[in-house]
Ligand code: 5BU
């Protein structure tokens with residue numbers, strides 16, 4: 001399993017100009033396998049959270065369609081922060097349509113996701129044409145795609161044979177650099193005949209140190225369970241980091257300071273779990 005290898009040893013498995021390789025290099029440089037998920041609805045809050053945790057993260061995950069006051073300037077400012085603080089951007093778009101439609105959704109519309117998001121993701125429900133549609137837009141730009149092989153939510157239908165089908169599709173399409181999954185799904189499926197085992201990145205949401213769920217189906221595990229015990233590569237943390245900003249009666253400066261503290265805490269926990277995995 002690639003879980004036994006250091007991140008730096010795995011970078012060469014990816015095309016030199018690909019987002020996946022850039023992500024691994026960033027993780028090594030910053031000693032961080034932490035992706036912050038910033039699910040706030042105001043542009044100013046999004047930028048404030050990102051600025052507060054930027055030194056501690058390798059990746060910033062957005063749901064750009066929840067930002068009520070979205071403008072092109074938000075993207076310009078997010079990109080400036082990415083440059084300044086050395087992180088990549090992952091729009092968690094979860095594409096799920098036919099190839100032709102996802103090409104348009106990825107390239108155009110209000111958000112023009114492909115123009116600024118290094119990594120995005122897709123469901124395999126429509127079949128492999130979705131990968132071709134996204135690759136037509138993203139591959140020339142050096143973008144990378146994750147398939148949603150598993151989800152963190154209770155009762156998810158993405159499991160078993162469906163998850164293994166995602167691994168098979170990933171072997172067939174070099175634009176796919178890995179998976180959203182809860183464990184090393186790529187170890188569950190042998191490579192296609194005549195092909196060597198490939199390196200895939202596993203990015204994992206549903207990570208929290210202080211709670212086990214959100215009452216709406218989300219299920220949390222600790223960084224240690226996710227990275228050391230399950231062999232995943234990147235922890236994705238949302239409310240565990242920016243939660244203070246949602247609390248009534250907390251002064252904004254105090255909330256932002258708490259966001260920084262939590263970012264540091266999850267970065268340390270994620271990296272410790274990775275080192276424990278290597279040492280095992
Ligand atoms: P949280 O605040 O740490 O619970 O946020 C988790 C984020 O990850 C949120 O943006 C979800 O949309 C996203 N997510 C998830 O929670 N579970 C999944 O299986 C996938 C994405 Br895919």
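Worth pointing out:
- Estimated [θ] at 222 nm from DSSP helical runs (n ≥ 4, -39500 (n - 2.57)) normalised by residues in the chain, nearest 500: -11500 deg cm²/dmol
- Here the Gaussian network model covers the chain, with springs between Cα atoms less than 10 Å apart; of 49, 110, 57, 110 fluctuates the most.
- Separation of the residue 251 and residue 8 label points, Cα + 7 Å toward Cβ, nm: 4.3
- Mean-square fluctuations from a GNM of the chain, with a 10 angstrom spring cutoff on Cα atoms, peak among 66, 113, 89 at 66.
- Beta bridges assigned by DSSP with both partners in the chain are antiparallel in approximately 5 percent of cases.
- The fewest-to-most ranking of 198, 112 by surrounding Cβ atoms within 10 Å reads 112, 198.
- Using a Gaussian network model of the chain in which every pair of alpha carbons under 10 angstrom is joined by a spring, one finds that among 22, 229, 80 the greatest mean-square fluctuation is at 80.
- Taken along the Cα-to-beta-carbon direction at a fixed 7 Å, the label points for residue 68 and residue 110 span 1.3 nm.
- Computing Rg and the Kirkwood Rh from the Cα coordinates of the chain gives a ratio, Rg/Rh, of 0.94.
- Computed FRET value (nearest 0.05) for residue 84 with residue 195, which takes r as the C-beta separation and R₀ as 41 Å: 0.55
- Note on the stretch 118-202: the C-alpha convex hull projects to 5.6 nm² when averaged across all orientations.
- Shape of the stretch 180-244, Cα gyration tensor, a/c cut at 1.5: prolate
All of the numbers you see were taken from the coordinates with simple rules; none came from a lab. The model shown is predicted, which means the values in this text are computed figures rather than measured ones. With ideal geometry, Cβ positions are generated from the backbone for all residues, glycine too; neighbour counts draw on all protein chains shown.
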